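The values are calculated or read from the model by the stated rules, or taken from the named source; none is laboratory data. All values derive from a computational prediction rather than experimental measurement. Using ideal geometry, Cβ is built from the backbone for each residue, glycine included, and neighbour counts are taken over all protein chains shown. For accessibility, only protein heavy atoms count, side chains too; no ligands or nucleic acids. Shrake-Rupley method; radii C 1.70, N 1.55, O 1.52, S 1.80 Å.
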Amino acid sequence: PAMKVAYVTMRFPVASEAFAAVELRALRRQGAEVSVLAYRRPPPDAQALLAERGLVDLTVVQGGGAALLEGLWQMLLHPVDSLALIAEILRHCWRRPLQLCKALALVPRSFSLLHRLETLKPDVLHLFWGHYPSLLGLLARRRLPRTVISLFLGAYDLEEAFPLSARLARAADLVVTHARANLPALKALGLNPAGVEVCYRGIDIAKPPPAPQKTRGLIVVAERLVPQKRTADALAVFARVAAAVPEARLLVLGAGPEQERLQGLAAQLGIDVEVTFAGHLPQTDVFRRLAAAEVALTMSRSRSERLPNALKEAMLQRCLCLATRSTGIEELISDGETGLLVDFEAIEDAARRLIDVLRDPAAVDRIGRHAQAHVLAHFDVDHLMAGRLQRWSSLCRIRAEEKAA
């Protein structure tokens, strides 16, 4: 029978978390029966996002008022478990008032999700985010002893440093992270890095794309338009490039609260004619534009940045990627070989390196080909998820043997 896997996340689907859909589609192609349990209400455009990502028939359990009432009722039916979880939260979070309040507020929803899990009876419970969903993981460990508990701890989880994440990690069957650079932070949480599996987040690679037809001088920025992404720095870099490379054009893909300010900045820099803000686009349209671009640029300073999928997708399309030295980026980009790396806020250095490379079409082609080969070899989501399924299957067999014994 197909393996039943339940993914737990805070909200689903989310426009900025397309990487979750990539994993889910890959698991379904491998034959797994997948469902998603979300803590929060769905976004207004949930159905459109599910359709765009090929998951319109996916079982998704969403939050809301009815779920809250169901959770309170389940707490009344199971007072021992309720008191045990609340005591756990108080014991580990009392020094962090904000996390304490959030965790206590999420207790009813955790119980309503647990009730759904008891109906779904998954073989594997995978916590796609390892912070507040750890509450459900602790309940499941207590109430669903035959279910394999799998926990992801990555960028945002490590920044959040929710105390119960480490508590669950020590009780989970499998802990995974998506970059070797995360291991020191996991050790700081009290975990043994040797017991954590590094599994990169992959991208869809059905087959290597044909050699793309590149538009000379086209640069793409593909990211959420939020302050930590430092899209303003990317505009400053492009202004210098445009002054030296007359055919240079910039295409900004993505939406967010910074868009209006960034459009004004482009006008102030005198590059509003050369810059196009395309807004949020379906992934197929993003891929088409990446295929036409010579360069993908990001000057992000996001502390939770870890090997972003947007860069992998650009590399797959043989773009030369210039990125800032965010945590772990060297696991994706080798400077001068599969892309270019600069320090945070190094606007002059980034502009100089882009100008040099745009004046050397052979270098753009060479680095683009090496980037594509690197992504094909290490970031194929079907290969990565097949390995994950094998690991889960092994853990399920161990659980069954323990039950039989």
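Comparing mean-square fluctuations of LEU269, LEU332, LEU158 from a GNM of the chain with C-alpha springs under 10 Å, the top value falls on LEU269. A simple rule links phi to the HN-Hα coupling: the Karplus curve 6.51 cos²θ - 1.76 cosθ + 1.60 with θ = phi - 60°, which for the stretch 156-171 gives 5, 4, 6, 5, 5, 6, 5, x, 6, 4, 5, 4, 6, 4, 6, 9 Hz, with x for Gly and Pro. Determine the distance separating the Cα centre of the stretch 1-46 from the Cα centre of the stretch 287-364; give it in Å without decimals. Each part reduced to its Cα centre gives a spacing of 29 Å.
Here LYS187 is the anchor, and the aspartates and glutamates within straight C-alpha reach of less than 14 Å, apart from those fewer than 8 places off in the same chain, are ASP157, GLU159, GLU197.
Counting only residues at least eight positions apart within a chain, or on another chain, the aspartates and glutamates with an alpha carbon under 14 Å from that of LYS121 are GLU33.
For the chain, the solvent-accessible area works out to 43 Å² per residue, with a probe of 1.4 Å and every protein chain left in place.
Within the accessible area of the stretch 28-79, the carbon and sulfur atoms contribute 60%, probe 1.4 Å, all protein chains present. Cross-link reach is defined here as a Cα-Cα straight distance under 20 Å, omitting same-chain residues fewer than 8 places apart; for LYS214 the lysines meeting it are LYS312. Within the accessible area of the stretch 177-275, what % is carbon and sulfur when the probe is 1.4 Å and the other protein chains stay in place? Carbon and sulfur together cover 53 percent of it. Pick out, from GLN268, ALA314, PHE379, the residue whose Cα sits farthest towards the positive end of the charge dipole of the stretch 231-389, with +1 on the Cβ of Lys and Arg and -1 on the Cβ of Asp and Glu. Result: PHE379.
At 0.36 nm per residue, minus the direct Cα-Cα distance, what do GLU159 and ALA363 gain on full extension? Give it in nm, one decimal, please. Before the final figure, lay out each step's value.
Numbers: separation 204, 0.36 × 204 = 73.44 nm, distance 3.69 nm.
In short, 69.7 nm is gained.
Fully extending the segment from LEU68 to ARG142, taken as 0.36 nm per residue of separation minus the present Cα-Cα distance, adds 24.5 nm. Per residue, the chain reaches -15000 deg cm²/dmol at 222 nm when only DSSP H runs of four or more residues are counted, each adding -39500 (n - 2.57). Couplings 3J(HN,Hα) of the stretch 127-134, computed from phi: 8, 5, 10, x, 8, 5, x, 4 Hz, in residue order, whole Hz [Karplus 6.51 cos²θ - 1.76 cosθ + 1.60, θ = phi - 60°; x for Gly and Pro].
Could you look at the stretch 318-403 and say what percent of its accessible area is carbon and sulfur, using a 1.4 Å probe and all protein chains?
47
Placing one equal scatterer on every Cα of the stretch 298-405 and applying the Debye formula, the log10 ratio I(q)/I(0) at q = 0.20, 0.21 Å⁻¹ is -1.01, -1.08. Applied to the stretch 302-310, the Karplus parametrisation 6.51 cos²θ - 1.76 cosθ + 1.60 on θ = phi - 60° returns per-residue 3J(HN,Hα) values of 5, 5, 9, 5, 9, 6, x, 4, 4 Hz, with x for Gly and Pro. Its Cα centre serving as origin, the stretch 213-300 has a Cβ charge dipole (Lys and Arg +1, Asp and Glu -1) of approximately 180 debye. Kindly state, to the nearest 0.05, the FRET efficiency for LEU76 paired with LEU281, given R0 = 51 Å and r defined as their beta-carbon distance. Step by step, r from the Cβ atoms, then E = 0.60. Distance from the Cα centroid of the stretch 75-132 to that of the stretch 163-186 is 18 Å (rounded to whole angstrom). In this structure the amide hydrogen of GLU33, modeled in the peptide plane, comes within under 5 Å of the amide hydrogens of MET3, LYS4, VAL5, none closer than 5 places in sequence on its chain.
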